[in-house]
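So the structure is just underneath, and the comments pick up after that.
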Amino acid sequence: QFFVFCHGLLQLSQLLVSGYLKSSISTIERRYGLSSQTSGLLASFNEVGNTLLIVFISYFGSRVHRPRFIGCGAILVSLAGFLMSLPHFITGPYEYDQSVASVFSNTTDLCQPEGPGSQGNLSDAGCAPHAARENHEVLLVMFIAQALLGIGGVPIQPFGISYIDDFASERNSPLYLGILFSVTVIGPGVAFMLGSAMLRFYVDIDKVTGDEVQLTNRDPRWVGAWWLGFLVAASLVAVSAVPYFFFPREMPKEVGEVLQDFPLVLLRNLRHPVFLLVVLAQVNLSAMVAGLATFMGKFLERQFSLTASFANMIIGAVNIPGAMVGIVVGGAILKRFQMSLRQCSAMCVLGMLLCLLIAFPLLFLGCPTQKVAGVTYSKSSEFGHQALECSLQCNCPEKAYNPICGSDAIEYISPCYAGCGVVNIDNNSVQNYTNCSCISENGLVGFAKPGTCGTGCSHLLLPFVVLSCLAGILASTSHTPSFMLILRSIQPEDKSFAVGIQFMLLRILAWMPGPVLYGSAIDTTCILWEKKCDRNAACRYYDNNLFRHRYLGLQFFFEVGAF
C-alpha cells in the first residue's frame, strides 16, 4: 500500500512536469519569440525519447530491479524539470517596448517629430549576434530537457503497474490500478492549476523589483513566471523518487518469452482487425486531445481576450474534470450493464456521434479580431503596416509593440503609431495617452488607454466552455469501452504486449505529430509577426475567425475520424 501511495505521488509529480509545459506554452512563445509550430514540436518532443524505449523496457520488465529503475527514471525526470527552467537563469531580463522606458533612459515610443535621432535604440537593440545565439541556446536546452523527460518517464508507468500487479492480491490489484489511473487523469488538471497560479507572477520577479514592472497581467506583452512551476514540479519529483531506492526487488515470476518471439507477436496483433480499428479510432481521439491540451489555453486567450492565468484555470477546473467524469461514467455503464463486445463498440459510436453534434456549433462561437489600425483595419483604402499617414512625421520605430486602445475603439500597435504626443503617468503606471493625431472623435483629437481593446467576445465564453466541456465528457465515455474491446479480443498472453504496442502507435501517430500539426495550422492564421533579426518570432495578431475555424476544424476532423 505504501508502494501504491508512492507511485501515485510520483506519477502525479511526473505529470506536473510534462503538463505544466502545456499550460505555459503561450507564455514561453512570447518570452522567447517562438512560432506555434516550434512550440508544438517542443511540447511533443518528450514523446520521442519515450517511444524509442517503451516497448523494449516493458518487454524486459521482469528481469530487472524494478523499483530501482523507477527511482532512476524519476531522478532523470526531476533533472529535466530543473533544466526546463534553466533558460530563465541564463538569459537576461525580459525586454519589451515601453512608452516610458524607465527613469534612467530617454527612450520612448511617443510621437517625436523632431527627427530619428531622438528615438534611442528602441527597435534594433535585440539583434546583436549574442541575442540570436542566446535564443538557439534556449531552444537547445529545452529540447534536451524534453527528451530527458521522455526517457526518464519510460520505466515509471509500466514497471510500477506490473510490480503492483505481481505482488498485490487478485482482489486488490484492480483497486490499486484504479487509484493510479485516476491520478494520471487528475495530473494534467493540477498542472494547469499550477500554471494558473504561477503565471500571475511577473517573469522577472527575481531580477527586478515590483515597482519597476509597468505591465499588468492583462497586457498582451505580459509574461508570467513560467519557470517557477518547473522548479516546484521538479522538486516534487525529486522528493517522490527517494523511497524507490529502498523497496525490495522481490522474486520476479519467470517469463518464458524471449526476444525472438517479438516479431511474431507484433504481426499477430497488427493483423487483428478489431485491435487495429480500435487503435486507429484511439489515434484520432488522441491526436485531437494532443492539440487541445497544447493550444487550448492559447486559443481561449486570443479568442476571448483572457489572461493566460484565467485560461489555464478554465482548462484545469472545467475541461479536464469533465473528461474525468466521462471516463468514470463510461466505466460505470460498462460495469452496470455487463456489456458484450458488440455493445461496447455501439457505446463508443454513440458517444462519438453525440460529441460531434455538440462540437459542431463551437466553430461559430467567436468573434473576429479587433480592429487594429494598419493591420486588420484601415481608414483609408490603402492597407498595410505603413498606411497611417497621420503618424508619418513621428519616426516610429518599426518593431515597436506597445498596444493601446483608442477612444475610437480602434487598437494601435504603439502610442507612436497613433500619433500620441503626451503620456500621463500616475504611481509609476500609465493612465492614458493624449494628443493623438490619428484618433479623432467628433472632430476632436482623441486619447487612448494602454493595453489591447480586446475582441469583445466575453459573452460567448460561457456557452463555449459549457459546450466544449459537454463534448469532452461525451468523447471520453468511449475511453474504457474501447480499452475493453482491445483487452477482450486478443489472446490473453499477449495482453501486456498489445497494450504496449497500442501506446507506441498512439505516440507515433498521435502524440508526436499532433501538436506540431496544430501549431503549423495556427501559424498559418497569423497576420502580424514579431520580427527578431529578420526572422518571424512570435505572432502578435491572429485572424481570429481563421484561427477558430482551422483549430476547431482540425479537432472536428479528428472526431469524425474516431467516429
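In the set (1) open to solvent by 40 Å² or more (accessible area, probe 1.4 Å); (2) modelled with pLDDT under 90; (3) within 18 Å of residue 186 (Cβ to Cβ); (4) of a type outside the set (Gly, Ala, Ser), the condition left unmet by residue 327 is number (1). Kindly indicate whether any position in segment 526-543 is open to solvent by 30 Å² or more (accessible area, probe 1.4 Å), assigned to a helix (DSSP H, G or I) and touching a residue at least 12 places away in the same chain (Cβ under 8 Å). No, segment 526-543 contains no residue that is open to solvent by 30 Å² or more (accessible area, probe 1.4 Å), assigned to a helix (DSSP H, G or I) and touching a residue at least 12 places away in the same chain (Cβ under 8 Å). With respect to the conditions (1) of a type in the set (Val, Ile, Thr); (2) open to solvent by 10 Å² or more (accessible area, probe 1.4 Å); (3) in contact (Cβ under 8 Å) with a residue 40 or more places away in the chain, residue 522 lacks only one, and its number is (2). Every condition in (1) within 28 Å of residue 548 (Cβ to Cβ); (2) assigned by the TED database to the domain that holds residue 548; (3) modelled with pLDDT under 90 is met by residue 308 except one, and the failing one is (3). With respect to the stated conditions, residue 281 is at pLDDT 90 or above and surrounded by fewer than 24 Cβ atoms within 10 Å (Cβ to Cβ). Filtering segment 435-461 to residues that are open to solvent by less than 60 Å² (accessible area, probe 1.4 Å) and among the hydrophobic types (A, V, I, L, M, F, W, C) leaves 436, 438, 439, 448, 453, 457, 460, 461.
Determine, yes or no, whether residue 495 is open to solvent by 80 Å² or more (accessible area, probe 1.4 Å) and in contact with a Phe, Trp or Tyr (Cβ under 9 Å, 6 or more places away or on another chain).
no
Residue check: is residue 480 assigned to a strand (DSSP E or B) and surrounded by 16 or more Cβ atoms within 10 Å (Cβ to Cβ)? Judged against the criteria, residue 480 is not a match. Of the residues making up segment 203-251, those that are among the hydroxyl-bearing types (Ser, Thr, Tyr) and open to solvent by 40 Å² or more (accessible area, probe 1.4 Å) are 209, 216, 235.
The residue that is nearest to residue 555 (Cα to Cα), counting only those in segment 326-381 that are part of a loop (DSSP other than H, G, I, E, B) and of a type in the set (Val, Ile, Thr), is 369. Screening residue 93 against (1) farther than 30 Å from residue 165 by Cβ; (2) surrounded by 18 or more Cβ atoms within 10 Å (Cβ to Cβ); (3) at pLDDT 65 or above leaves a single unmet condition, (2). Filtering segment 33-43 to residues that are of a type outside the set (A, V, I, L, M) and either crowded, with 24+ Cβ neighbours inside 10 Å or assigned by the TED database to the domain that holds residue 308 (or both) leaves 36, 39, 40.
The values are calculated or read from the model by the stated rules, or taken from the named source; none is laboratory data. Values in this document were obtained by computation on a predicted structure and should not be read as measured data. Please note: Cβ atoms are built from the backbone with ideal geometry, for glycine as well, and neighbour counts cover all protein chains shown. Quick note on the areas: whole protein, heavy atoms, side chains included, nothing else; ligands and nucleic acids left out. Shrake-Rupley method; radii C 1.70, N 1.55, O 1.52, S 1.80 Å.
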